[in-house]
Amino acid sequence: MGPDPAPVHIPVLGQEVVALLGGRAPSLRTSGWIVDGTLGAGGHTALLLQALPEVRVFGTDQDPEILEIARKNLQAFGDRVRIERSRLSQLAHWMRELRRERPIGWLMDVGASSLQLDRPSRGFSFQNDGPLDMRMDPSREVSASDIVNTWSEQDLADLFFTEGDEHRSRPIAAAICAARQRVPFKRTGALASLIADTVGGTGRLHPATKVFQALRRAVNQEGAELEAGLTAARDALAHDGVLAVISFHSGEDQVVKRFLSEGARAGEWEVLTKKPAQAQYAEVRQNPRARSAKLRAARRLRGASAGSGPASGTEGGERA
Ligand SMILES: C[S@@+](CC[C@H](N)C(=O)[O-])C[C@H]1O[C@@H](n2cnc3c(N)ncnc32)[C@H](O)[C@@H]1O
């Protein structure tokens, strides 16, 4: 097999993110620092730093390989950006550790990057054979092959149904459990072929798409990570600070919607996107993955409880 494809990642809904976090509304602040909790290759952060000269960014990601790309891509911004490796679920800890003034913005563009999905060596791809891995953070102990080779048939079927919306979850789980008795699954190609042989193709999606999505979500504990990131944002953001979340999965979008609407009823947020922002035709043509992206944003309300965020003063605090 040849080398992995060259790294390319186009930030989704870039202008919309800048407009929301940059504060078109006069009450929103445009100086201070922003947390980008899913830095990826740094696409959104670069747009924010270009558009908002008074802003600095604390950028984190759990994937060390991607952080190397971000470091190169963002070098020109010097000390306006600080990059650290972190999971979303560790950001609350970082906020206490840094003891900075509260952030004015918080971005999460959750899910996987095309830099991960398109590299067979990372094991996310059903189209190009690679190790059955799918860990965004290589220090996680459980990979996709561990799940496929050790979970019970019932647990696999439930996973494929709940996390992948896969309605043929039972025959797929049964076929996996029968096949793994002969040879354990180690490669994405073998799993994708088995799924295709079991259920066949029924439309424009590859028959393995939903099972691979479910496995990726389980390996990276994406549901729990998103919840932790939302809570950390609520506790850390400055009053008038803006939270923006891009999700690619309908279940995730519902989690964000519910979190913000419940928070709005409790007086914690003003929702800025009554309907989620979605990519226009021109963006989808350039970047087909933008098709399923949904962006929701909300402003942290003045008078909301401070939570367990960072120090609220600026004196003596380290700046981003
Ligand atoms: C869609 S990409 C982000 C792309 C980025 N906004 C850009 O413009 O380049 C998602 C990134 O989030 C990271 N990620 C996903 N879940 C995470 C989590 N729970 N903690 C930290 N990083 C996470 C992935 O490693 C990936 O690099």
ask   = Structure shown: which of Lys210/Lys294; Lys72/Lys186; Lys186/Lys210 lie over 26 Å apart, alpha-carbon to alpha-carbon?
value = Lys72/Lys186
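Run the dipole for segment 116-219 about the Cα centre, Lys and Arg Cβ at +1, Asp and Glu Cβ at -1, nothing else charged, and hand back the magnitude in debye, nearest 20.
Working: 14 positive and 13 negative charges, 50 e Å.
Around 240 debye, computed over segment 116-219.
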inquiry  = Between 0 and 90 degrees, rounded to the nearest ten: what's the tilt of helix 188-199 against the longest Cα principal axis of the chain?
reply    = 70
message = Net charge within 11 Å of Thr60 by Cβ-Cβ distance, Lys/Arg positive one each and Asp/Glu negative one each, not counting Thr60 itself?
response = -1
key: Separation between Cα centres of segment 192-241 and segment 35-103, rounded to whole Å   = 22
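Which value, in debye to the nearest 20, gives the size of the charge dipole of segment 34-80 about its Cα centre, when Lys and Arg are +1 and Asp and Glu are -1 at the Cβ?
Numbers: 4 positive and 7 negative charges, 36 e Å.
Magnitude of the dipole: close to 180 debye.
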query = So how tilted is helix 222-236 from the main axis of the chain? Cα-based, degrees 0 to 90, rounded to 10.
reply = 10
ask   = If you line up the long axis of helix 153-164 against the longest principal axis of the chain, both from Cα atoms, how many degrees apart are they, to the nearest 10?
value = 40
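Which GluC sites (Glu not before Pro) from segment 128-175 combine a DSSP loop assignment with at most 13 other Cβ atoms within 10 Å?
Details: sites: Glu141, Glu153, Glu163, Glu166; in loops: Glu141, Glu166.
Passing both the DSSP loop test and the Cβ count: Glu141.
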query = Spin-label point model (7 Å from Cα, Cβ direction): what's the Lys275 to Asp165 distance in nm?
reply = 1.8
note = Any trypsin sites (Lys or Arg not before Pro) in segment 255-304 that lie in a DSSP loop and have at most 11 other Cβ atoms within 10 Å would be Lys274, Arg302
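Evaluate the charge dipole of the chain about its Cα centre and quote only its size in Debye, nearest 20, assuming +1 on the Cβ of each Lys and Arg and -1 on the Cβ of each Asp and Glu. It would help to have the intermediate numbers written out before the result.
Working: 42 positive and 39 negative charges, 126 e Å.
Taking the Cα centre of the chain as origin, the dipole is about 600 debye.
Trypsin sites (Lys or Arg not before Pro), restricted to segment 59-134: which are DSSP loop and have at most 15 other Cβ atoms within 10 Å?
Details: sites: Arg71, Lys72, Arg80, Arg82, Arg85, Arg87, Arg96, Arg99, Arg100, Arg122; in loops: Arg87, Arg99, Arg100.
Taking segment 59-134 and a limit of 15 other Cβ atoms within 10 Å, the loop trypsin sites (Lys or Arg not before Pro) found are Arg99.
Rule-based calculations on the coordinates, nothing more; no lab input. Predicted model only: the values in this text are computed from it and were never measured. All Cβ positions, glycine included, derive from the backbone under ideal geometry; neighbour counts span all protein chains shown.
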